[in-house]
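The values are calculated or read from the model by the stated rules, or taken from the named source; none is laboratory data. Small disclaimer: the values here were computed from a predicted structure and weren't measured. Every residue, glycine as well, gets a Cβ built from its backbone with ideal geometry; the counts of neighbours run over all protein chains shown. Surface accessibility is based on the protein's heavy atoms, side chains included, excluding ligands, DNA and RNA. Shrake-Rupley method; radii C 1.70, N 1.55, O 1.52, S 1.80 Å.
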Amino acid sequence: MDDSHGDSDDELVLHKLLSVAQDMVRARGESSHGEKKHRKWTNRDREASNELLIRDYFATNSLYDLSRFEERFRISRNLFLRIARDLERNYEFFQLRWDARGKRGFTTILKCTAALRQLAYGITANASDEYLKMSERTGRECTYLFCEYVIEFYRDIYLRHPTKSDVEQLYDAHQAKHGFPRMFGIIDCTHWEWANYLNA
(Lines give C-alpha, C1' and ligand atoms only; values in the text may rest on other atoms or scores of the structure.)
Protein backbone atom coordinates (compact mmCIF):
# COMPACT_ATOMS: atom_id res chain seq x y z
CA MET A 1 0.00 0.00 0.00
CA ASP A 2 1.37 3.40 -1.02
CA ASP A 3 1.86 5.55 2.09
CA SER A 4 3.10 8.65 0.22
CA HIS A 5 -0.38 10.24 0.14
CA GLY A 6 -0.84 9.50 3.84
CA ASP A 7 2.49 11.16 4.64
CA SER A 8 1.64 14.26 2.59
CA ASP A 9 -1.78 14.45 4.29
CA ASP A 10 -0.02 14.26 7.65
CA GLU A 11 2.28 17.10 6.59
CA LEU A 12 -0.73 19.28 5.70
CA VAL A 13 -2.44 18.45 9.00
CA LEU A 14 0.73 19.21 10.96
CA HIS A 15 0.93 22.64 9.28
CA LYS A 16 -2.65 23.36 10.35
CA LEU A 17 -2.03 22.03 13.87
CA LEU A 18 0.95 24.36 14.28
CA SER A 19 -1.17 27.31 13.18
CA VAL A 20 -3.85 26.49 15.78
CA ALA A 21 -1.14 25.95 18.41
CA GLN A 22 0.33 29.38 17.72
CA ASP A 23 -3.09 30.99 18.15
CA MET A 24 -3.55 29.15 21.48
CA VAL A 25 -0.14 30.24 22.79
CA ARG A 26 -0.82 33.85 21.78
CA ALA A 27 -4.22 33.78 23.47
CA ARG A 28 -2.69 32.39 26.66
CA GLY A 29 -0.15 35.19 26.75
CA GLU A 30 -2.88 37.80 26.33
CA SER A 31 -5.24 36.44 28.99
CA SER A 32 -4.86 37.24 32.66
CA HIS A 33 -4.25 34.33 34.98
CA GLY A 34 -6.68 35.57 37.63
CA GLU A 35 -6.99 34.35 41.19
CA LYS A 36 -6.18 30.81 42.22
CA LYS A 37 -9.17 28.81 43.35
CA HIS A 38 -9.16 26.29 46.14
CA ARG A 39 -9.43 22.90 44.46
CA LYS A 40 -11.38 20.00 45.84
CA TRP A 41 -9.47 16.74 45.39
CA THR A 42 -11.26 14.08 43.34
CA ASN A 43 -10.08 10.49 43.26
CA ARG A 44 -9.82 9.80 39.51
CA ASP A 45 -8.80 6.40 38.15
CA ARG A 46 -6.05 7.39 35.72
CA GLU A 47 -4.93 3.83 35.06
CA ALA A 48 -8.43 2.70 34.05
CA SER A 49 -8.90 5.70 31.75
CA ASN A 50 -5.55 4.99 30.09
CA GLU A 51 -6.45 1.32 29.57
CA LEU A 52 -9.84 2.28 28.11
CA LEU A 53 -8.24 4.79 25.73
CA ILE A 54 -5.68 2.21 24.58
CA ARG A 55 -8.38 -0.43 24.11
CA ASP A 56 -10.63 1.99 22.21
CA TYR A 57 -8.08 3.53 19.83
CA PHE A 58 -4.51 2.21 20.10
CA ALA A 59 -4.61 -1.57 20.64
CA THR A 60 -3.97 -4.00 17.77
CA ASN A 61 -7.66 -4.92 17.62
CA SER A 62 -8.98 -1.59 18.88
CA LEU A 63 -12.69 -0.95 19.24
CA TYR A 64 -12.56 1.92 16.73
CA ASP A 65 -10.74 1.57 13.41
CA LEU A 66 -8.31 4.03 11.80
CA SER A 67 -11.04 5.99 10.02
CA ARG A 68 -12.92 6.50 13.30
CA PHE A 69 -9.65 7.54 14.94
CA GLU A 70 -9.05 10.17 12.28
CA GLU A 71 -12.66 11.33 12.49
CA ARG A 72 -12.46 11.76 16.27
CA PHE A 73 -8.90 13.10 16.64
CA ARG A 74 -8.80 15.03 13.34
CA ILE A 75 -5.37 13.57 12.54
CA SER A 76 -4.13 10.12 11.55
CA ARG A 77 -3.08 7.69 14.25
CA ASN A 78 0.45 7.57 12.77
CA LEU A 79 0.79 11.34 13.06
CA PHE A 80 -0.64 11.30 16.58
CA LEU A 81 1.87 8.65 17.68
CA ARG A 82 4.74 10.48 15.97
CA ILE A 83 3.92 13.72 17.83
CA ALA A 84 3.41 11.86 21.13
CA ARG A 85 6.79 10.08 20.77
CA ASP A 86 8.58 13.34 19.95
CA LEU A 87 7.04 15.12 22.94
CA GLU A 88 7.77 12.24 25.30
CA ARG A 89 11.42 12.02 24.23
CA ASN A 90 12.09 15.74 24.47
CA TYR A 91 9.88 17.22 27.19
CA GLU A 92 9.62 16.09 30.80
CA PHE A 93 5.97 17.13 31.14
CA PHE A 94 4.94 14.50 28.56
CA GLN A 95 6.88 11.69 30.24
CA LEU A 96 5.12 9.32 32.62
CA ARG A 97 5.79 10.44 36.20
CA TRP A 98 4.67 9.50 39.69
CA ASP A 99 3.43 12.08 42.20
CA ALA A 100 4.56 12.59 45.80
CA ARG A 101 2.10 9.93 46.98
CA GLY A 102 3.60 7.39 44.60
CA LYS A 103 0.55 7.49 42.35
CA ARG A 104 1.12 7.12 38.61
CA GLY A 105 0.50 10.27 36.60
CA PHE A 106 -1.07 10.65 33.19
CA THR A 107 0.51 8.88 30.23
CA THR A 108 1.75 10.71 27.15
CA ILE A 109 -1.20 9.38 25.17
CA LEU A 110 -3.74 10.72 27.71
CA LYS A 111 -2.09 14.15 27.77
CA CYS A 112 -1.91 14.40 23.98
CA THR A 113 -5.50 13.18 23.65
CA ALA A 114 -6.73 15.84 26.09
CA ALA A 115 -4.89 18.55 24.15
CA LEU A 116 -6.01 17.41 20.71
CA ARG A 117 -9.65 17.04 21.74
CA GLN A 118 -9.65 20.63 22.97
CA LEU A 119 -7.94 21.89 19.81
CA ALA A 120 -10.00 19.78 17.39
CA TYR A 121 -13.43 20.47 18.89
CA GLY A 122 -12.90 23.78 20.67
CA ILE A 123 -14.20 22.25 23.89
CA THR A 124 -13.39 23.42 27.40
CA ALA A 125 -10.61 21.81 29.41
CA ASN A 126 -13.00 19.88 31.66
CA ALA A 127 -15.26 18.55 28.87
CA SER A 128 -13.51 15.18 28.64
CA ASP A 129 -13.16 14.61 32.39
CA GLU A 130 -15.58 11.65 32.37
CA TYR A 131 -13.58 9.80 29.69
CA LEU A 132 -10.00 10.87 30.38
CA LYS A 133 -10.36 11.37 34.18
CA MET A 134 -8.45 14.62 34.00
CA SER A 135 -9.17 17.81 35.95
CA GLU A 136 -9.81 21.10 34.19
CA ARG A 137 -6.48 22.51 35.38
CA THR A 138 -4.49 19.51 34.13
CA GLY A 139 -6.40 19.48 30.83
CA ARG A 140 -5.67 23.17 30.28
CA GLU A 141 -1.99 22.67 31.17
CA CYS A 142 -1.77 19.76 28.71
CA THR A 143 -3.16 21.89 25.91
CA TYR A 144 -0.97 24.92 26.56
CA LEU A 145 2.22 22.87 26.88
CA PHE A 146 1.28 20.70 23.90
CA CYS A 147 0.97 23.87 21.80
CA GLU A 148 4.19 25.43 23.08
CA TYR A 149 6.24 22.26 22.65
CA VAL A 150 4.82 21.34 19.24
CA ILE A 151 5.71 24.82 17.99
CA GLU A 152 9.16 24.64 19.55
CA PHE A 153 9.91 21.16 18.21
CA TYR A 154 8.50 21.46 14.67
CA ARG A 155 8.90 25.20 14.02
CA ASP A 156 12.08 24.99 11.95
CA ILE A 157 10.57 22.40 9.62
CA TYR A 158 6.93 23.45 9.28
CA LEU A 159 6.78 27.15 10.13
CA ARG A 160 9.53 28.28 7.79
CA HIS A 161 8.68 29.86 4.45
CA PRO A 162 8.04 27.07 1.93
CA THR A 163 10.56 26.49 -0.82
CA LYS A 164 9.52 25.99 -4.45
CA SER A 165 9.89 22.24 -3.93
CA ASP A 166 7.65 22.37 -0.82
CA VAL A 167 4.92 24.20 -2.73
CA GLU A 168 5.09 21.71 -5.61
CA GLN A 169 4.72 18.79 -3.16
CA LEU A 170 1.76 20.50 -1.47
CA TYR A 171 0.11 21.14 -4.85
CA ASP A 172 0.56 17.48 -5.81
CA ALA A 173 -0.80 16.21 -2.49
CA HIS A 174 -3.78 18.57 -2.70
CA GLN A 175 -4.56 17.56 -6.28
CA ALA A 176 -4.30 13.84 -5.44
CA LYS A 177 -6.73 14.22 -2.55
CA HIS A 178 -9.20 16.78 -3.91
CA GLY A 179 -8.81 16.51 -7.70
CA PHE A 180 -8.25 20.21 -8.34
CA PRO A 181 -4.99 20.92 -10.19
CA ARG A 182 -2.84 23.80 -8.90
CA MET A 183 -5.43 24.66 -6.26
CA PHE A 184 -3.93 24.94 -2.82
CA GLY A 185 -5.83 26.64 -0.01
CA ILE A 186 -8.22 28.64 -2.20
CA ILE A 187 -11.86 28.23 -3.12
CA ASP A 188 -11.89 30.26 -6.36
CA CYS A 189 -12.67 27.51 -8.86
CA THR A 190 -14.28 29.62 -11.59
CA HIS A 191 -12.13 28.01 -14.29
CA TRP A 192 -13.23 24.49 -13.26
CA GLU A 193 -16.07 22.87 -15.17
CA TRP A 194 -18.72 21.59 -12.75
CA ALA A 195 -20.87 18.65 -13.88
CA ASN A 196 -23.73 19.55 -11.50
CA TYR A 197 -23.54 23.34 -11.77
CA LEU A 198 -26.92 25.09 -11.41
CA ASN A 199 -27.94 26.73 -14.69
CA ALA A 200 -30.90 28.78 -13.45
With every protein chain left in place and a probe of 1.4 Å, what is the accessible surface of Glu70, to the nearest 10 Å²? 90
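Calculate, for the stretch 39-112, the solvent-accessible area per residue in square angstrom, rolling a 1.4 angstrom probe over the heavy atoms of the protein chains.
On the way: 4570 Å² over 74 residues.
Heavy-atom SASA per residue in the stretch 39-112 reads 62 Å².
At 1.4 Å probe size, put Thr124, Thr113 in order of accessible surface, largest to smallest.
Values: Thr124 85, Thr113 0 Å².
Sorted descending by solvent-accessible area, the residues read Thr124, Thr113.
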Report the accessible area of Ser49, computed with a 1.4 Å probe over the heavy atoms of all protein chains in place, in Å² rounded to the nearest 10. 0
Once both labels are modelled 7 Å past Cα along the beta-carbon direction, what's the Arg68-Arg28 spacing in nm? 3.2
Given labels modelled 7 Å from the Cα in the Cβ direction, how far is it in nm from Asp7 to Trp98? 4.1
